[in-house]
Amino acid sequence: MPDVDLNLLMALDALLEEGSVTGAAQRLGLSVSAMSRTLARLRAATGDPLLVRAGRDMVPTPRADELRGRVHELTRSAHAVLRPAAAGLDLATLQRSFTIRANDGFVEIFAAPLVAAVTAAAPNVRLRFAPKPDKNVQALREGMVDLEIGVLGASGPEVRVQGLFRDHFVGVVRAGHALLEQSGSGKNAITPERYAACGHVVTSRRGLANGPVDVALAELGLARTVVAVVPGFRAALAVASTSDLVAQVTGSFFHAVRAGQTSSGAATVDSFPLPVRTEAITVSQMWHPRFDADPAHRWLRELVLATCREPAW
């Protein structure tokens, strides 16, 4: 529409509401002559006189009467589109569905308290937790995912990032495992050598058997035997609980699982600090900047942050 000036809608609305060139000019802050020229353009655009003389006054044509309601609604809609979003957010009536992409460990720990918090504040909001097969940010860019939660990897330069909590890895074995036998001094002596001598089950969405622990062991001239690779922490614990294999999971996940076991009976697995140094990890939430100013999305981000910073284990 290269030949259509949408500013004419505002002028037409003023003319039809005021019923005079002078009144419309005052309403829009224009001179009477400028408003007269605008009326001439409107007449040419619509092919109708719109306002005609009736004595000293001007009266609308049938076409102008027909347009009055539609033009007023269009101008109101235009103002609403270009006006900043209202600061207030009515959570009681908010109807929205959010997709959160996260790995199984995060979902098992935080999905229940997050859903409870969302439902209590906004009963018409729905959460969809989607699997996280990789760190590709395309889903955020295309709007298929509202929030991505995990450890920051290769990411788009425009993606917003906020840290939620720091975590670390621990070793996990079945209760009564030989690795937990106490030395003569009464202290656990889980050395790198004893640790590396065990069989291991590791977690990797991509099926990788090696990671930072293997790098740390290699610096000591050691290597472990990875017997199994599973896609999630829950599967790693299941394998470790019924075998002599050593699992490696995050401390947050282990403590959440252990709390559930303790409340339901005797624990089947125990944890121990890894005997080699590994870097702590930061779990973050990531989103596309298109949602920065969206009040509902901002509320969800704040709720996720508050939920993750409350002790969940």
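As a calculated quantity, the FRET efficiency between Ala116 and Thr93 at R0 = 25 Å, using C-beta atoms, amounts to about 0.80. Between the helical axis of 7-18 and the longest alpha-carbon principal axis of the chain there is an angle of about 50 degrees. For the chain, the carbon plus sulfur part of the accessible surface works out to 55%, probe radius 1.4 Å.
So what is the relative contact order for the chain, in percent, with contacts set as C-alpha pairs under 8 Å and at least six apart? Rounded, it is 20 percent for the chain. If you plug the beta carbon distance of Ala293 and Ala197 into 1/(1 + (r/R0)^6) with R0 = 51 Å, you get a FRET efficiency near 0.35. If you wrap the Cα atoms of region 54-108 in a convex hull and average its projected area over all directions, you get 8.3 nm².
Report, to the nearest 10°, how far helix 251-264 tilts away from the longest principal axis of the Cα atoms in the chain, using its own Cα long axis and a range of 0 to 90°. Computed tilt is about 70 degrees.
Other residues within the sphere of radius under 11 Å centred on the Cβ of Val257, judged by their own Cβ, net out at +1 (K and R +1, D and E -1). May I ask for log10 I(q)/I(0) of the chain at q = 0.08, 0.09, 0.15 Å⁻¹, from a Debye sum over the Cα atoms as equal point scatterers with solvent left out? Ignoring solvent entirely, the Cα scatterers give -0.57, -0.64, -1.15.
Label positions at Glu142 and Ala280, each projected 7 Å from the Cα along the C-beta direction, are separated by 3.7 nm.
Between 0 and 90 degrees, the angle of helix 62-82 with respect to the longest Cα principal axis of the chain falls at about 30 degrees. For region 169-273, the per residue solvent-accessible surface stands at 49 Å², with DNA, RNA and ligands left out and a 1.4 Å probe.
A DSSP coil position with no more than 11 other Cβ atoms inside 10 Å describes the following trypsin sites (Lys or Arg not before Pro) in region 200-305: Arg206, Arg277. A P(r) calculated from all alpha carbon pairs of region 6-82, with 5 Å bins opening at zero, reads 3, 17, 29, 27, 17, 6, 1, 0 percent.
The values are calculated or read from the model by the stated rules, or taken from the named source; none is laboratory data. Here the structure is a predicted model, which is why all the values come from computation and not from measurement. FYI the Cβ positions are ideal-geometry reconstructions off the backbone, even for glycines, and counts take in every protein chain you see. SASA here: full protein model, heavy atoms, side chains in, ligands and nucleic acids out. Shrake-Rupley method; radii C 1.70, N 1.55, O 1.52, S 1.80 Å.
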